[in-house]
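The values are calculated or read from the model by the stated rules, or taken from the named source; none is laboratory data. Source: prediction; values computed, not measured. Cβ placement follows ideal geometry from the backbone for every residue including glycine, while neighbour counts extend to all protein chains displayed. To get the accessible areas, we keep the full protein, side chains included, count just its heavy atoms, and leave off ligands, DNA and RNA. Shrake-Rupley method; radii C 1.70, N 1.55, O 1.52, S 1.80 Å.
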Amino acid sequence: MVVVVSLGDVKRSAATLFAQGQHVAALRLYDAIVAAAPLDFDARIRVADAALALGDPNAARVYRAAGWYCLKSGHPLSALVCARVLEAHGADSSDLLAALVVTYGSESDLLGKGATRIPLPPEVLPVAIPDVRQAVASPAEVIAAALQRAEHATATLTELPAALHPIPLLSTLSEAAFRRVLGTLVLRRLPAGAPVIREGEPGTAFYFVASGQLRVFATDGLGRQTELAQLGENAVFGEMALLSAQPRSASVACLSEVDLLEVGRQALAQLADELGPVAEALHGFTRDRLLGNLMATGPLFRPFNRMQQRDLLRRFTSHDVAPGTVVIHEAEQGRGLFVVLSGELDVSRRGGDGHAVPLGALRTGDVFGEMAVLRNAATTATVVAQRPSTVLFLAREYVARIVSAVPEIKSYLEALAEDREIDNQLVMGEVGPEDERVLI
């Protein structure tokens with residue numbers, strides 16, 4: 001008996017069967033996907049996974065064939081997954097890794113404009129599947145046929161992309177650095193529902209997504225979850241907490257079967273000590289991500305379109321500050337507007353006895369320095385870096401120009417200054433009876 005089911009549903013059923021140890025049944029479903037959609041390299045790899053779990057050494061041929069297809073079709077991280085599985089079982093994959101570096105390294109002529117990749121087939125594609133509840137007469141023949149189909153599924157394919165997308169972060173490295181980083185990547189193969197990182201935990205690794213889907217979410221004090229994003233192939237995550245040595249700001253869990261490539265803190269430290277370009281590229285990648293997040297979520301940039309946002313960002317200067325660095329001194333002339341790109345800064349004001357009174361902390365995305373600029377007055381607090389931080393600075397002359405030209409920016413900064421001053425007065429105990437009546 002044959003039933004027609006959507007490709008996505010077949011994959012989910014096959015993943016469940018595989019997790020339950022029903023490897024022959026899972027293989028039959030993945031084989032049905034390969035028969036219906038030969039370009040589904042993920043299903044080909046899963047056929048090899050099931051055959052390997054059943055002890056068939058011929059699975060290695062499928063990993064190799066699927067790996068070469070992934071490399072040429074624009075899915076390099078899945079090619080690396082195949083190479084890692086081959087290595088783990090004693091097979092040589094050095095030729096595949098060498099081709100990966102040459103094809104996707106910074107010196108490759110194949111990376112550039114017009115880049116494409118052959119996509120996975122859509123999840124709604126109809127797939128005719130067998131009734132896997134019925135045992136097969138000869139499992140060995142079923143396995144052999146599935147491996148044969150998976151190995152040769154794209155053997156006659158000739159239309160491959162002429163230009164390829166770079167691998168985030170890795171393709172910015174020299175070939176020598178690329179090879180060294182590849183040697184540190186550890187394959188993590190996780191089932192649907194598995195946690196990857198948990199909010200509040202220290203950052204000990206970052207990850208490349210080779211395949212599958214993940215969700216990023218935050219949890220409040222009442223245990224309620226807010227989804228922040230979904231991640232798929234070629235996404236990179238976890239590097240910010242790793243670099244800053246701060247707790248994770250969100251959790252990440254698998255929505256489907258997921259293949260991840262992990263870079264641990266120790267491996268990264270060794271690379272950074274030996275290969276300066278690796279550390280520089282990672283910091284540059286993280287900075288670009290932070291700037292992108294800032295433009296997407298920061299109220300200061302909201303009134304502008306993408307091109308205007310980038311033009312405004314170019315007006316800012318970037319400053320890395322060490323812990324203990326005073327960014328603003330209380331009672332000095334306001335120099336301009338600051339935005340926290342990363343890190344944490346403490347805000348304080350001198351009390352009546354001359355001692356500093358803490359007013360709060362500034363973190364990624366926070367704006368400060370607006371009061372003195374808007375009022376053309378001296379600053380009312382001191383701001384000190386509490387840990388390594390990066391701040392963006394916009395000179396007061398340019399702030400004045402955008403405030404006069406963009407009413408939304410003026411309103412945002414005025415409201416921010418007013419709210420902040422009220423909060424500061426409450427902390428300092430400077431709100432009198434009349435003010436209290438107004439606040440009520």
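Points worth noting:
- Residues that are modelled with pLDDT under 85, open to solvent by 60 Å² or more (accessible area, probe 1.4 Å), part of a helix (DSSP H, G or I) and out of contact with any Leu (no Cβ under 7 Å at 6 or more places or on another chain) within region 416-433 comprise ASP423, LEU426, PRO433, listed in sequence order.
- In region 390-409, the residues that are more than 18 Å from PHE304 (Cα to Cα) and either in a helix (DSSP H, G or I) or out of contact with any Ser or Thr (no Cβ under 6 Å at 6 or more places or on another chain) (or both): VAL391, ALA395, ARG396, GLU397
- LEU413 meets the stated requirement of being over 12 Å from GLY336 (Cα atoms), surrounded by 19 or more Cβ atoms within 10 Å (Cβ to Cβ) and touching a helix residue (DSSP H, G or I) at 6+ places or on another chain (Cβ under 7 Å).
- Selection of region 22-59 for residues being within 17 Å of LEU190 (Cα to Cα), surrounded by fewer than 24 Cβ atoms within 10 Å (Cβ to Cβ) and in contact with a helix residue (DSSP H, G or I) (Cβ under 6 Å, 6 or more places away or on another chain) yields HIS23, LEU52, ALA53.
- Looking only at region 167-184, and only at residues there that are assigned to a helix (DSSP H, G or I), of a type in the set (A, V, I, L, M) and farther than 14 Å from ARG84 by Cα, the one that is most open to solvent (accessible area, probe 1.4 Å): ALA176
- Unique residue being within 36 Å of the chain's Cα centre (by Cα) and either more than 29 Å from ASP311 (Cα to Cα) or at pLDDT below 90 (or both) when the list is LEU362, LEU374, LEU341: LEU341
- Only residues that are open to solvent by less than 20 Å² (accessible area, probe 1.4 Å) and over 17 Å from GLN333 (Cα atoms) were counted in region 359-389, giving 4.
- Subset of region 305-319 [open to solvent by less than 100 Å² (accessible area, probe 1.4 Å) and either free of Cβ contacts under 8 Å to residues at least 24 places away in the same chain or more than 15 Å from VAL399 (Cα to Cα) (or both)]: ASN305, GLN308, GLN309, ASP311, SER318, HIS319
- Restricting ALA140, ALA145, ALA155 to those that are closer than 18 Å to VAL24 by Cβ and touching a helix residue (DSSP H, G or I) at 6+ places or on another chain (Cβ under 9 Å) reduces the list to ALA145.
- Residues of region 124-144 satisfying the condition of being within 17 Å of ILE45 (Cα to Cα) and either part of a loop (DSSP other than H, G, I, E, B) or open to solvent by 50 Å² or more (accessible area, probe 1.4 Å) (or both): ALA144
- Filter pass, LEU147 being open to solvent by less than 70 Å² (accessible area, probe 1.4 Å), aliphatic (A, V, I, L, M), in contact (Cβ under 8 Å) with a residue 40 or more places away in the chain and part of a loop (DSSP other than H, G, I, E, B): no
- Residue list for region 185-195, filter: open to solvent by less than 30 Å² (accessible area, probe 1.4 Å) and either farther than 20 Å from ALA88 by Cβ or not small (Gly, Ala, Ser) (or both): LEU185
- Among the residues making up region 199-232, those that are within 13 Å of CYS254 (Cβ to Cβ) and either part of a loop (DSSP other than H, G, I, E, B) or open to solvent by 80 Å² or more (accessible area, probe 1.4 Å) (or both) are GLY212, GLN213, GLN230, GLY232.
- The residue of region 244-276 that is modelled with the highest pLDDT, among those that are assigned to a helix (DSSP H, G or I) and surrounded by 20 or more Cβ atoms within 10 Å (Cβ to Cβ), is LEU268.
- Check on LEU71, open to solvent by 50 Å² or more (accessible area, probe 1.4 Å), aliphatic (A, V, I, L, M) and within 24 Å of LEU160 (Cα to Cα): no
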